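> Quick one: this structure, given as structure tokens, is what I'll be asking you about.
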Amino acid sequence: MTASSTNAPAPAAGQAAPDPRARGVVRLLPPAERHLVSRFSYGITPELARRVRAAGGAARWFEQQLSPGSVRDPQADAVAGWFPSLRRGPAELWRRQVQDVEGGWEVMEDYARWLLVRRTRTRRPVLEMMTELWENLLHVPASGDEQFTHRVDYGATIRRHALGRYDELLVAAITHPAMLIHLDAAESTKEHPNENLGRELLELHTVGVGQYTEDDVRDSARILTGWSVDLWESWRPEYHREEHHVGRVRVKGFVDANRSDDGRAVTRRYLRYLAHHPQTARRVAQRLAVKFVGDRPPASLVDRLARVYLEHDTAIKPVLRALVASSAFARSAGAKVRDPGEDVVATYRVLGKSISRPPSGEARGRSAAEAILWQASSIGTSPYAWPAPDGQPIDSASWSSPSRLLASMRFHLDLAGGWWPDVAVGHREPRQWLPRPEVRFDDLVDHVSRLVLHRPASDRLVEACSRATGVGRRERVDAEHPLVQWMFPTFLAVFLDSPAHLSR
């Protein structure tokens, strides 16, 4: 799977141009604005384009997105009420699990469903994407009989810091009960310091592979001793002063006498040191550039973003502003392949599928809110199901295999046909895609291209649609035409299977 140019070529000689009178029904953003909004959202719909225009253009929309509190998001917020266990505390969740009322895995599947449905509705896509980025960097798998008790709050913690400062995000994440449980720090003692969290903190969350020694790992683990959780009982976060290692510690350039048995202050000093380390700055910059520019971003861009990160005390917003202002970003249109979750969410959005609260009983299994999780899994993975501590890949190459492409194509056709899910989901009937009662086929392709891909139809796309359906370019189409009567899922799948939809 590869991404393609977004420019629509002129019709080839001898071929009729689409009727210009049919155009203009769907207002499009200029290409540069489409690039910015597409890269930082889960699919451009006419409604999102309207909000971008209302904000004064893509640049102002993006700036507005960096202050998510200024953007009301009631439709996305309402989804949490569909899954009651997401509001239960750790002790209650655990009691329900051991009493066979509801397994932790069921709660975590609802957590993933909540995220996916929320992304189809949100008016704060930049906050959602940044939360997703950090949750994958500071990864705590959703599955797990222990950390599931704190996993929803962990996501909320990441969300609060997603557009703030990385040093504050790092402190909040590393000392969170979900992280302490997942990487064994909750049971670490001064007599037997567990090195898992201390090592991954250096390798995955800050300075990176090859940038630390085994002595660094040992003292990293010692600094983190004392942080704990009341496992198997109340699941309350605790600090055990009697278990904190006391004495001089040294990790890279960080040196501390560490004289107190309350190690919380030295932990925070240590984490802030790591967050401000130049090697961490480069890793954060590299990750942002890979996520929003391309798999191999220019070294000059990474260096510049790292400098901005350090000059602004690890604040993320100035780094994002510098990233979208760069020439590398401007040149990267269409260069990012959507991962499975992004593909599923974008497909629901551009097809105009509305997801409603799932019913109870057997019908729930046929509802969109239930199915959306299985659809993402069928393409490759669902939110935070990645089992390893490094989180799911964010590069395009990892999601560009033939098997992934075939899985996406199956999903696109199923959803375009509306065959499954068929409960608690709204969709357009084929005749509702017609811009007027009768339309020429190439004009219909252009109209649907504007709705689904937010761009005019290229001649190549018209040709692909014609070949897939057997309908001539200049053939007239109305509600009784075979295309509308029984070929429309195949027709829509041509758009969804195109590089323009599979990339962002």
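> Name the residues in the stretch 225-258 that are more than 17 Å from LEU183 (Cβ to Cβ) and among the hydrophobic types (A, V, I, L, M, F, W, C), would you?
Hits for the stretch 225-258 are TRP232, VAL246, VAL249, PHE254, VAL255, ALA257.
> Let me ask something additional. For the stretch 182-212, what are the residues that are touching a strand residue (DSSP E or B) at 6+ places or on another chain (Cβ under 8 Å), open to solvent by less than 10 Å² (accessible area, probe 1.4 Å) and not small (Gly, Ala, Ser)?
Matches in the stretch 182-212: LEU202 only.
Residues are listed down the side, and each one gets a yes or a no for (1) out of contact with any helix residue (DSSP H, G or I) (no Cβ under 6 Å at 6 or more places or on another chain); (2) within 25 Å of GLN392 (Cα to Cα):
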site: ASP262; (1), (2): no, no
site: ARG269; (1), (2): yes, no
site: ARG272; (1), (2): no, no
site: ALA275; (1), (2): no, yes
site: GLN279; (1), (2): yes, yes
site: ARG283; (1), (2): yes, yes
site: ALA299; (1), (2): yes, yes
site: ARG304; (1), (2): yes, no
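> Another question, if that's okay. Based on this model, can you work out whether TRP374 counts as under 21 Å from the mean Cα position of the chain (by Cα) and touching a residue at least 40 places away in the same chain (Cβ under 8 Å)?
Spelling it out, it is not the case that TRP374 is under 21 Å from the mean Cα position of the chain (by Cα) and touching a residue at least 40 places away in the same chain (Cβ under 8 Å).
One line per residue, one yes/no per condition, for (1) part of a helix (DSSP H, G or I); (2) in contact (Cβ under 8 Å) with a residue 12 or more places away in the chain; (3) aliphatic (A, V, I, L, M):
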| residue | (1), (2), (3) |
| --- | --- |
| PRO435 | no, yes, no |
| ALA464 | yes, yes, yes |
| GLY472 | no, yes, no |
| VAL484 | yes, yes, yes |
| LEU492 | yes, yes, yes |
| HIS501 | yes, yes, no |
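> Filter the stretch 120-139 down to residues that are open to solvent by less than 10 Å² (accessible area, probe 1.4 Å) and acidic (Asp, Glu) and give me whichever is nearest to LYS336 (Cα to Cα).
Per the criteria, the residue is GLU128.
> Mind listing whichever residues of the stretch 231-290 are of a type in the set (A, V, I, L, M) and within 32 Å of the chain's Cα centre (by Cα)?
Across the stretch 231-290, the qualifying residues are LEU231, LEU271, LEU274, ALA275, ALA281, VAL284, ALA285, LEU288, ALA289, VAL290.
> So which of ALA330, ALA397 ends up being at pLDDT 95 or above, surrounded by fewer than 16 Cβ atoms within 10 Å (Cβ to Cβ) and touching an Asp or Glu at 6+ places or on another chain (Cβ under 7 Å)?
ALA397
> For the condition surrounded by 20 or more Cβ atoms within 10 Å (Cβ to Cβ), within 19 Å of TYR42 (Cβ to Cβ) and modelled with pLDDT of 95 or more, what is the one hit in LEU453, LEU461?
Selected residue: LEU453, the only one of LEU453, LEU461 that is surrounded by 20 or more Cβ atoms within 10 Å (Cβ to Cβ), within 19 Å of TYR42 (Cβ to Cβ) and modelled with pLDDT of 95 or more.
> Mind counting the residues in the stretch 169-190 that are in contact (Cβ under 8 Å) with a residue 40 or more places away in the chain and either of a type in the set (Asp, Glu) or touching a Pro at 6+ places or on another chain (Cβ under 6 Å) (or both)?
Summing the residues that are in contact (Cβ under 8 Å) with a residue 40 or more places away in the chain and either of a type in the set (Asp, Glu) or touching a Pro at 6+ places or on another chain (Cβ under 6 Å) (or both) in the stretch 169-190 gives 2.
> Here's another thing I want to ask about it. Which members of the stretch 158-175 meet the condition of being open to solvent by less than 10 Å² (accessible area, probe 1.4 Å) and not aliphatic (A, V, I, L, M)?
TYR166, ASP167
> Would you point out the residue of the stretch 213-226, among those that are of a type outside the set (D, E, K, R) and in contact with a Lys or Arg (Cβ under 8 Å, 6 or more places away or on another chain), that is surrounded by the fewest Cβ atoms within 10 Å (Cβ to Cβ)?
Only one residue fits best here, namely VAL217.
> Ok, one more. Do you know which residues across the stretch 310-356 are more than 25 Å from ARG410 (Cα to Cα) and not hydrophobic (A, V, I, L, M, F, W, C)?
GLU311, HIS312, ASP313, THR314, LYS317, PRO318, ARG321, SER326, SER327, ARG331, SER332, listed by residue number.
> Can you confirm whether the stretch 127-147 contains a residue that is farther than 29 Å from LEU231 by Cα, more than 16 Å from the chain's Cα centre (by Cα) and in contact (Cβ under 8 Å) with a residue 24 or more places away in the chain?
no
> Taking the stretch 347-364, which residues are farther than 30 Å from SER396 by Cβ and open to solvent by less than 40 Å² (accessible area, probe 1.4 Å)?
Residues satisfying the conditions are PRO358, ALA363.
> Filter the stretch 219-264 for residues that are polar (S, T, N, Q) and touching a residue at least 24 places away in the same chain (Cβ under 8 Å) and give the result.
If the condition is that a residue be polar (S, T, N, Q) and touching a residue at least 24 places away in the same chain (Cβ under 8 Å), then SER220, THR225, SER228, SER234, ASN258 are the ones that fit.
> Also, quick follow-up: Taking the stated definitions as given, is SER408 touching a helix residue (DSSP H, G or I) at 6+ places or on another chain (Cβ under 9 Å), among the small types (Gly, Ala, Ser) and either surrounded by fewer than 15 Cβ atoms within 10 Å (Cβ to Cβ) or on the phi < 0 side of the Ramachandran plot (or both)?
Against the criterion (touching a helix residue (DSSP H, G or I) at 6+ places or on another chain (Cβ under 9 Å), among the small types (Gly, Ala, Ser) and either surrounded by fewer than 15 Cβ atoms within 10 Å (Cβ to Cβ) or on the phi < 0 side of the Ramachandran plot (or both)), SER408 qualifies.
> May I ask you to say which residue of LEU197, LEU201 is touching a residue at least 40 places away in the same chain (Cβ under 8 Å), under 27 Å from the mean Cα position of the chain (by Cα) and assigned to a helix (DSSP H, G or I)?
The conditions single out LEU201.
The values are calculated or read from the model by the stated rules, or taken from the named source; none is laboratory data. Everything numeric in this text was worked out from a predicted model, so none of it was measured. Ideal geometry is used to build each Cβ from the backbone, glycine not excepted, and the neighbour counts take in all protein chains shown. What goes into the accessible areas is simple: the full protein's heavy atoms, side chains included, and nothing from ligands, DNA or RNA. Shrake-Rupley method; radii C 1.70, N 1.55, O 1.52, S 1.80 Å.
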